[in-house]
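> One structure coming up, written as structure tokens, with questions to follow.
The values are calculated or read from the model by the stated rules, or taken from the named source; none is laboratory data. Everything quoted here is computed from the prediction, not taken from an experiment. Every residue, glycine among them, receives a Cβ derived from its backbone with ideal geometry; neighbour counts consider all protein chains shown.
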Amino acid sequence: MTTAVEVGTALANLRVTRDSVGGKEWLSADLSGETAVSLDMLGSTASPLSALSSAGCDFLTPMISFLEEPLGQLRGEPASVSAPSGEHERVSRSANSVADDYGSTAENETSEWSGDAEQDYTATATKLVDGMKAVAESAATNAKAIAAAGEVVAQVVDIVTRLITEAVGKIVPIMTRAIAAAPATFGASIAEAIPECVAIAVDHGGRIAAKLGELLASGENLVKLLEGVAGVLDVVEKGLDAIGESSGAEPSSKPASAPETKPRNSGEN
């Protein structure tokens with residue numbers, strides 16, 4: 001049977017994991033050094049490549065459009081992150097409230113108890129309270145995981161956008177000069193500039209791919225933490241199951257476990 005100490009330890013471990021998730025300790029070193037951005041960045045619809053059209057180089061867009069493909073995969077509605085995160089947070093608050101109310105009631109109604117019955121009931125009540133708080137911590141961890149993951153994806157959207165903008169910033173002057181020289185070179189200047197511009201795009205595409213790899217690695221770290229939460233909850237579940245089995249036992253073998261059936265103090269005759 002899972003003891004109150006084991007359930008209490010499981011609760012402590014859940015709190016440590018919650019803080020690790022919320023503190024983004026699962027982030028790769030590369031991403032953790034990047035500037036944080038608002039979750040609203042997820043919903044950005046800006047096209048960094050649109051600057052090519054403004055500069056009269058829109059014919060180059062199809063050749064380097066691969067730079068913007070990751071943005072289509074990463075972007076989404078900020079509400080798709082904030083809504084479920086908020087729901088898990090509400091569940092956490094509710095479970096904590098129930099646990100606190102039950103713990104206070106059990107303590108008040110058994111304040112005059114003593115002996116084995118008091119010890120047994122206290123141990124059972126402790127497991128129930130910590131079990132409910134473990135559920136609350138699990139929900140809180142999920143809330144933080146959803147929010148933090150969304151924030152990190154938004155951060156990568158910002159990084160990718162900046163890298164594309166940087167590439168365009170290098171490409172436009174090259175292509176502008178080539179276009180200006182086109183009449184005198186019968187278009188040869190443009191033909192020469194295109195490979196150079198594509199090479200710049202490929203270089204930045206590699207840097208973008210590296211950031212996406214860091215995002216994937218960070219996501220795997222987060223999943224491992226959440227798998228740990230599931231493992232800890234197994235301990236809590238066993239403890240609560242034991243309480244359920246005990247409450248279903250025969251009256252003769254079950255210790256008094258309800259305030260309504262106050263046992264006689266051990267000092268009474």
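> Does A83 fit the bill of being under 24 Å from the mean Cα position of the chain (by Cα), free of Cβ contacts under 8 Å to residues at least 60 places away in the same chain, under 30 Å from R162 (Cα atoms) and assigned to a helix (DSSP H, G or I)?
yes
> Follow-up question, since we're still on this one. Can you tell me which condition E77 does not meet? The list is (1) without any contact (Cβ under 8 Å) to a residue 60 or more places away in the chain; (2) under 30 Å from A149 (Cα atoms); (3) part of a helix (DSSP H, G or I), and all the others hold.
Exception for E77: condition (3).
> Taking the condition in a helix (DSSP H, G or I), touching a helix residue (DSSP H, G or I) at 6+ places or on another chain (Cβ under 8 Å), closer than 25 Å to G33 by Cα and of a type outside the set (G, A, S), does I179 pass?
Taking the combined requirement at face value, the residue does not satisfy it.
> Out of everything in segment 30-64 that is free of Cβ contacts under 8 Å to residues at least 40 places away in the same chain and not in a helix (DSSP H, G or I), what residue ends up being nearest to A134 (Cα to Cα)?
For segment 30-64, the residue satisfying everything is G33.
> All but one of (1) closer than 19 Å to L216 by Cβ; (2) out of contact with any helix residue (DSSP H, G or I) (no Cβ under 8 Å at 6 or more places or on another chain); (3) touching a residue at least 24 places away in the same chain (Cβ under 8 Å) hold for L27; which doesn't?
(2)
> Only one of N96, N108 is surrounded by fewer than 20 Cβ atoms within 10 Å (Cβ to Cβ), within 27 Å of A10 (Cα to Cα) and modelled with pLDDT of 90 or more; which?
Selected residue: N96, the only one of N96, N108 that is surrounded by fewer than 20 Cβ atoms within 10 Å (Cβ to Cβ), within 27 Å of A10 (Cα to Cα) and modelled with pLDDT of 90 or more.
> Has segment 105-116 got at least one residue that is under 30 Å from L60 (Cα atoms) and among the aliphatic types (A, V, I, L, M)?
Within segment 105-116, not a single residue is under 30 Å from L60 (Cα atoms) and among the aliphatic types (A, V, I, L, M).
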